[in-house]
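Notes to accompany the following structure.
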Amino acid sequence: MRHAILAECLEAAIAAPSIHNTQPWRFLPREHCVDVYADRSRRPAASDPNGRELAISVGAAVLNLRVALLARGYRPSYALLPERSQADLLARVTFGGRVQPTYRARRLAGAIPRRRSNRGPFRSAELPEPVLTELVQAAAAEGAYLMIADPPLRDAVLGVVRRAETSLRADPAYSADFAWPGVVEDDPTLAILYGSGDSRYAWLRAGQALERVLLTATANGVQSTLMTRPLAYADLRALFDDSGLGRRAQAIIRLGYGDEPPASPRRALADVIMAVPDEPVGTAD
Ligand SMILES: Cc1cc2nc3c(=O)[nH]c(=O)nc-3n(C[C@H](O)[C@H](O)[C@H](O)COP(=O)(O)O)c2cc1C
């Protein structure tokens with residue numbers, strides 16, 4: 001693979017959402033793959049004690065990398081937590097053989113630079129049924145379940161989000177920049193993303209599902225906000241879990257139509273690449 005193509009794919013990876021925009025990832029490009037590491041120095045220890053949101057963020061970056069490769073005609077395969085001995089090595093994304101990029105892959109890849117967290121008001125929060133179906137399918141494609149909240153659940157979720165906000169505001173370490181702004185439509189479209197179980201593996205899977213949902217929303221002109229604060233509290237999180245099915249809530253997503261917000265900053269690619277080999281990565285095209 002040519003350096004320039006790999007660089008494009010890594011730029012796509014770092015466009016992923018991350019908790020508090022911490023961008024807690026590092027990439028080691030190798031001959032036929034990219035190893036994706038956690039950068040634990042960037043984990044907000046207070047709000048993410050067990051690294052759940054860090055792993056979800058890295059999962060989102062992995063999904064972007066996979067989509068970017070596929071859109072450029074490389075069939076990616078990937079392994080999560082590929083080396084037991086390396087705890088921080090969260091994923092290995094391997095460039096497979098050449099394939100004709102599908103329309104779907106190109107559409108998702110096109111959404112990567114356009115996806116943004118929109119914390120502003122939405123003009124409309126009513127999503128057409130086919131779009132909702134596509135979002136649910138996007139989650140399912142990555143092994144997750146997206147529940148679109150009906151009005152009673154939506155109101156219950158909003159109540160919990162506001163409760164979480166109130167307790168956060170009482171915390172001196174509270175950072176208004178990153179918290180849910182507290183202003184929300186009366187009838188937002190809210191979706192809850194569920195994964196199976198609660199392990200680093202499950203969080204990495206959930207992160208990929210989350211990003212596929214967000215990109216699918218973007219591709220349909222739908223804006224999104226993550227409002228995951230309540231899930232940082234075990235008791236509040238338990239309210240969402242479905243123990244019968246072993247499903248754990250991993251993210252709450254607000255969806256709607258609004259003005260496009262400005263892009264949030266990213267670290268330079270050079271700062272997140274662990275080592276660039278002297279030789280070109282992989283074989284020339
Ligand atoms: C696991 C996770 C949890 C997040 N939780 C929140 C949240 O509770 N409130 C919020 O406003 N943004 C939340 N975000 C969004 C990030 O703040 C956002 O992705 C980051 O600032 C980068 O901006 P961008 O999404 O516009 O690229 C979360 C993102 C991730 C990946």
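Structure notes:
- Top-ranked residue in region 131-171 [being more than 15 Å from the chain's Cα centre (by Cα) and outside any helix (DSSP H, G or I); ranked as farthest from E185 (Cα to Cα)]: D171
- All conditions but one from (1) touching a residue at least 40 places away in the same chain (Cβ under 8 Å); (2) away from the ligand (no atom under 16 Å from the Cβ); (3) in contact with a strand residue (DSSP E or B) (Cβ under 7 Å, 6 or more places away or on another chain); (4) of a type in the set (D, E) apply to D39; the one that does not is (2).
- For R116, the test of being touching a residue at least 12 places away in the same chain (Cβ under 8 Å) and charged (D, E, K, R) is passed.
- With respect to (1) more than 29 Å from Y257 (Cβ to Cβ); (2) assigned to a helix (DSSP H, G or I); (3) within 15 Å of the chain's Cα centre (by Cα), the lone exception for L69 is condition (3).
- For region 59-94, residues that are open to solvent by 10 Å² or more (accessible area, probe 1.4 Å) and out of contact with any Leu (no Cβ under 6 Å at 6 or more places or on another chain) total 18.
- Odd one out for S117, checked against (1) in contact with a Ser or Thr (Cβ under 8 Å, 6 or more places away or on another chain); (2) hydroxyl-bearing (S, T, Y); (3) open to solvent by 70 Å² or more (accessible area, probe 1.4 Å): (3)
Conditions tested, residue by residue: (1) within 11 Å of the ligand (Cβ to nearest atom); (2) assigned to a strand (DSSP E or B); (3) assigned by TED's automatic domain parsing to the domain that holds A209; (4) closer than 30 Å to E260 by Cβ.
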| residue | (1), (2), (3), (4) |
| --- | --- |
| V34 | no, yes, no, yes |
| A45 | no, no, no, no |
| D48 | yes, no, no, yes |
| L54 | yes, no, no, yes |
| A60 | yes, no, no, yes |
| R92 | no, yes, no, no |
| G97 | no, yes, no, no |
| R107 | no, no, no, yes |
| P121 | no, no, no, yes |
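- Residue in region 141-162 that is at pLDDT below 95 and touching a Lys or Arg at 6+ places or on another chain (Cβ under 8 Å) present: yes
- Within the option set G221, G244, being at positive phi and in the same structural domain as L146 (by TED's automatic domain parsing) holds for one residue only, G221.
- Scope region 243-261; condition near the ligand (Cβ under 9 Å from one of its atoms) and farther than 17 Å from M147 by Cα; matching residues: P261
- Qualifying residue in region 46-53 (condition: open to solvent by less than 10 Å² (accessible area, probe 1.4 Å) and of a type outside the set (K, R)): yes
Here's the yes/no breakdown for (1) more than 14 Å from the ligand (Cβ to nearest atom); (2) touching a Phe, Trp or Tyr at 6+ places or on another chain (Cβ under 9 Å); (3) free of Cβ contacts under 8 Å to residues at least 60 places away in the same chain; (4) open to solvent by 20 Å² or more (accessible area, probe 1.4 Å):
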position: G195; (1), (2), (3), (4): no, yes, yes, no
position: S224; (1), (2), (3), (4): no, no, no, no
position: M227; (1), (2), (3), (4): no, yes, no, no
position: Y233; (1), (2), (3), (4): no, no, no, yes
position: D241; (1), (2), (3), (4): yes, yes, yes, yes
position: P265; (1), (2), (3), (4): no, no, no, yes
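- Top-ranked residue in region 197-222 [being away from the ligand (no atom under 12 Å from the Cβ), touching a residue at least 12 places away in the same chain (Cβ under 8 Å) and of a type in the set (S, T, N, Q); ranked as least open to solvent (accessible area, probe 1.4 Å)]: T216
The values are calculated or read from the model by the stated rules, or taken from the named source; none is laboratory data. Quick caveat: nothing in here was measured; it's all calculated off a predicted structure. Reconstructed Cβ throughout: ideal geometry from the backbone, glycine too, with neighbour counts over all protein chains shown. These area figures cover heavy atoms from the full protein model, side chains too; ligands, DNA and RNA do not enter into them. Shrake-Rupley method; radii C 1.70, N 1.55, O 1.52, S 1.80 Å.
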